[in-house]
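Readers should treat all values here as calculations from the given coordinates under stated rules, not as data from a laboratory. Here the structure is a predicted model, which is why all the values come from computation and not from measurement. Every residue, glycine as well, gets a Cβ built from its backbone with ideal geometry; the counts of neighbours run over all protein chains shown.
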Amino acid sequence: MRWTLKPKPDSETVSQLASKLGVEKPIASLLVQRGIETFDEAKKFFRPSLEDLHDPYLMKDMDLAIDRIEKAIENGENIMVFGDYDVDGTTSVALLSSFLKSFYPNVATYIPDRYEEGYGVSYKGIDFAADNDITLIIALDCGIKAIDKVAYASEKGVDFIICDHHRPGNEIPKAVAVLDPKRDDCEYPYKELCGCGVGFKLMQAWAIKQEYPLDTLLPYLDLVATAIGADIVPITGENRVLAYHGLHVINTAPRVGFQAILDQVKKETLTITDVVFILAPRINAAGRMKHGLHAVNLLVEDDVETAKQFAAEIESYNSDRKNADKTITVEALAQIEDLEEKERFTTVVYQENWHKGVIGIVASRLIETYYRPTLVFTKSGEKLAASARSVKGFDVYDALEACSEHIEQFGGHKYAAGLTLHESEYENFKRKFEEVVAATIEKHMLVPEVSIDTELNLVDITPKFYRILKQFAPHGPGNMSPVFLTQNLKDSGFGKCVGADDLHLKCKVKQGNSALSIDAIGFNLGPKCNLITNAQIFKAAYSIDENEWNGNISLQLKLKDISD
């Protein structure tokens, strides 16, 4: 584990902001690090307002999209809302279909089968539309590279509106409208929306055109917040506004489907982290293990008893997903050992019977053991399909682009991507990918990093400090939960290893000669227990959270790492 301390922000700017806000300097320092330097900027950060959302008509083709939807409704056309089978895709379909159905009945939904159709816009989906007199498809979280498929649809008299957030290729599909903030010719101010976020902007544009009050869109933001968390997009700018209000909806007036899930897991108040680890895996499990439409059906269901049945089914899929994930991870780790590939710059593993629905999760699991860009392949029809995951700082999408001679199709982001190739190209691709990564990755990227915001003394950790710190949420890329460094620590004498196999570290720490002590827990830090024995001095990198025990709530340090 390597520790990096973020550069200290300008001290004068920090002092002025601390004075204006009436907060301690460590809080002001955290704000300045996040680009917040004035009272007004801090107000927007701590109290995100829907009024801060950008004009949706700044997005290229938005006017064309709205005009086409208006025309479809005027002519009584059938509309199909099409989306990917992951969380971003299924929430997008639930979002836009339920919104359209609130004022127009002729709306169908379609999620491609992960195994029969694969990722993105499918010929089968287009044929379904043509066969059912559907003349407009709105594709969400996919479509930006569907050049041939959009042309095929056009030949069948089916128009497309694309709402995507993935990187475009050199050519844009000839759809009626292509909404994607990452288009080179799109001047929309915020580029980091997820697919569901782009769908929401389409709804916002419709609301403006129809003169709906903006707050009529509030109930839909629980879906947008879930997609933001699951798709690991930056929680900055517009995404922060959408996630902030979406979490409020989840915690105060959740839709029936979400409530059915929450009733099963016995969780009352959710953070964005809870959304990522509780809601998202269950929604994802439908598309991974069965079919994404099961998730959409749950998310749009209004009947409580029916939603409970859907949630129970999805809980079963999630249990199956966990078992498959665990089994395949063990097999993949064994393959790395057997092939003597521990010392490579990359992990590339393949077995033809691995479940396609969990290979992305397995790739993330493998990075926990071998910290490097990772691909997990399985057989998919006549071809091989893979999920790619990367490490901090390394663009796996660019690396795949450099291997494109061996790839049939790929798409994704900097840290996560998917691809297909012919089985005959597997070894060639594996060799080329290793060469590309070895030549381009910086060696420090192969060591997990603890990124520290600022140094802090234990005496600074007061209830008031933590109350303000909590308002930095929701956390995510671009606004991670603050990590602090404290030096000159020692255990009060009761530190010990806890958990199965003594895997975790629990202690109560003091700093210097101060009598003040605070509880600390370090998950997976059991092997470092020797660093705190015999009153040894050590330093710690940690975040701060609340620990509830027997009805009492106290602050504790959540240790990221310790060092002598």
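Data table
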| read-out | value |
| --- | --- |
| Order of SER29, SER319, SER98 under a 10 Å beta carbon neighbour criterion, fewest first | SER319, SER98, SER29 |
| Net charge, PHE429 excluded, C-beta distance under 11 Å - Lys, Arg +1, Asp, Glu -1 | -4 |
| Antiparallel bridge percentage (DSSP; both residues within the chain; nearest 5) | 60 percent |
| Along each principal axis, Cα extent of the chain, largest first, Å | 78, 59, 48 |
| Orientation-averaged projected area, Cα convex hull of the range 56-313 (nm²) | 12.6 nm² |
| q = 0.22, 0.24 Å⁻¹, the range 444-499: log10 I(q)/I(0) [Debye, one scatterer per Cα] | -1.07, -1.09 |
| Fewest-first sequence of THR38, THR346, THR454 by Cβ atoms within 10 Å of each Cβ | THR38, THR454, THR346 |
| Helix 359-369 vs. the chain, principal-axis angle (Cα, 0 to 90°, nearest 10) | 20 degrees |
| Debye-sum result for the range 453-540 in log10 I(q)/I(0), which assumes one identical scatterer on each alpha carbon, at q = 0.11, 0.14, 0.23, 0.26 Å⁻¹ | -0.36, -0.57, -1.16, -1.25 |
| Percent of Cα-Cα distances greater than 25 Å, calculated over the range 1-142 | 53 percent |
| Likely footprinting exposure, VAL362, VAL396, VAL483, VAL93, fewest C-beta neighbours within 10 Å first | VAL483, VAL396, VAL362, VAL93 |
| In degrees, nearest ten, helix 87-101 long axis to first principal axis of the chain (Cα) | 50 degrees |
| For ASN353, net neighbour charge (Lys/Arg +1, Asp/Glu -1) across residues whose Cβ lies under 11 Å away | 0 |
| Value in Å of the Kirkwood radius, where the range 339-446 supplies the Cα pairs that are averaged | 13.5 Å |
